[in-house]
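K.L.:
Mind looking over this structure? Questions follow.
The values are calculated or read from the model by the stated rules, or taken from the named source; none is laboratory data. These numbers come from a predicted model, not from an experiment. Using ideal geometry, Cβ is built from the backbone for each residue, glycine included, and neighbour counts are taken over all protein chains shown.
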Amino acid sequence: MGRLLAFVYGVVSYVVFFVTFLYAIGFVGNFVVPKSIDSGEPAPFAQALLINALLLGIFAIQHSVMARPGFKRWWTQFVPKPVERSTYVLLASLALILVFWQWRPMVDVLWNVENSVARYALWALFFLGWVIVLIGTSLINHFDLFGLRQVYLYQQGKEYTELGFRTPFLYKLVRHPIMLGFIIAFWATPYMTVGHLVFATATTAFILIAIQLEERDIVSVHGTEYEEYRKQVSALLPIPKRSKA
């Protein structure tokens, strides 16, 4: 693939991701976007549950399988390495767009917080979660995480270099601040429906599984350095671990 074409492809993939990310905020929060988690014509419960589970399953499988080192080694026989990350980001975005498009609302209300102070607090937590996600990606190089650094270096004729293992700011409090941000954003709502609960529960379960897979891969690369980090810092809750005697 030509350098300019690879760069354009990476930029387009990033734009698709970023628009999808912004749409996700409105989708989960039920505002601005034309199709949200609770909008649309409700389907029969069993049908809605099955379709929504399949949609989330497609995203989870794509997101997890394509992130594994073994798949990357096989995948890059067909996809040029400079655009491998961009391709992963693009396909993940398309899988999420499919969720938004085909999601079946399940609108039975589980809780509806009417106290204005509590509602504002929950909305503040909701937006805080998304802010944590963005800060978390920026701390470990946002543009590398989403493929732009790779295609930029390729376009400049420079060799890609790994960023190495670092633990800046939020990563000193929890090992996975990005995942923590998503969990906060998915659960912090003053208006919880069955559909929202299904979404939050399924994505949280996926996050917990994904953390295990990701950490296994990180340990295979960084070894004892990451093992020591894991002993000192909790995965998701910013609770200091006790030092072992």
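K.L.:
Which of the following residues is within 15 Å of the chain's Cα centre (by Cα) and at pLDDT 95 or above: 96, 125, 110?
P.N.:
Criteria check complete, one pass: 96.
K.L.:
Of all residues being touching a residue at least 60 places away in the same chain (Cβ under 8 Å) and buried (at least 19 other Cβ atoms within 10 Å of the Cβ) in the stretch 88-97, which is nearest to residue 137 (Cα to Cα)? Just the residue, please. Before the answer, list the steps.
P.N.:
Start the filter on the stretch 88-97 by keeping residues that are touching a residue at least 60 places away in the same chain (Cβ under 8 Å), which leaves 89-90, 92-94, 96-97.
Checking which are buried (at least 19 other Cβ atoms within 10 Å of the Cβ) leaves us with 89-90, 92-93, 96.
Details: 89: 14, 90: 17, 92: 16, 93: 16, 96: 18 Å.
Result: 89.
K.L.:
Looking at the stretch 50-69 only, could you name the residues that are modelled with pLDDT of 95 or more and in contact with an Asp or Glu (Cβ under 8 Å, 6 or more places away or on another chain)?
P.N.:
Passing the criteria: none in range.
Each row is one residue, and each column tells you yes or no for (1) modelled with pLDDT under 95; (2) outside any helix (DSSP H, G or I); (3) among the small types (Gly, Ala, Ser).
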position: 117; (1), (2), (3): no, no, no
position: 138; (1), (2), (3): no, no, yes
position: 154; (1), (2), (3): no, no, no
position: 161; (1), (2), (3): yes, yes, no
position: 166; (1), (2), (3): yes, yes, no
position: 183; (1), (2), (3): no, no, no
position: 207; (1), (2), (3): no, no, no
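K.L.:
Right, something else. Could you please let me know if residue 222 is of a type outside the set (Val, Ile, Thr), surrounded by 13 or more Cβ atoms within 10 Å (Cβ to Cβ), at pLDDT below 95 and out of contact with any Cys (no Cβ under 6 Å at 6 or more places or on another chain)? Break it down stepwise before answering.
P.N.:
Details: of a type outside the set (Val, Ile, Thr): yes; surrounded by 13 or more Cβ atoms within 10 Å (Cβ to Cβ): yes; at pLDDT below 95: yes; out of contact with any Cys (no Cβ under 6 Å at 6 or more places or on another chain): yes.
Criteria met by residue 222.
K.L.:
Kindly provide the set of residues from the stretch 216-236 that are among the aliphatic types (A, V, I, L, M) and not in a helix (DSSP H, G or I), ordered by number. Before you say what the answer is, go through the steps one by one.
P.N.:
Residues of the stretch 216-236 among the aliphatic types (A, V, I, L, M): 218-219, 221, 233, 235-236.
233, 235, 236, listed by residue number.
K.L.:
Let me ask you something else. Could we say that residue 83 is part of a loop (DSSP other than H, G, I, E, B) and surrounded by 13 or more Cβ atoms within 10 Å (Cβ to Cβ) here?
P.N.:
Values: part of a loop (DSSP other than H, G, I, E, B): no; surrounded by 13 or more Cβ atoms within 10 Å (Cβ to Cβ): yes.
Answer is no for this residue.
K.L.:
Here is a follow-up. With the checklist (1) among the hydrophobic types (A, V, I, L, M, F, W, C); (2) surrounded by 18 or more Cβ atoms within 10 Å (Cβ to Cβ); (3) farther than 30 Å from residue 80 by Cβ; (4) without any contact (Cβ under 8 Å) to a residue 60 or more places away in the chain in hand, flag the one item residue 133 doesn't pass.
P.N.:
It is condition (3) that residue 133 fails.
K.L.:
Quick one: how many residues across the stretch 41-61 are assigned to a loop (DSSP other than H, G, I, E, B) and of a type outside the set (A, V, I, L, M, F, W, C)? Explain how you work it out, then say what you get.
P.N.:
Keep residues of the stretch 41-61 that are assigned to a loop (DSSP other than H, G, I, E, B), which gives 41-44.
Next, only the ones that are of a type outside the set (A, V, I, L, M, F, W, C) stay: 41-42, 44.
Total satisfying the criteria: 3.
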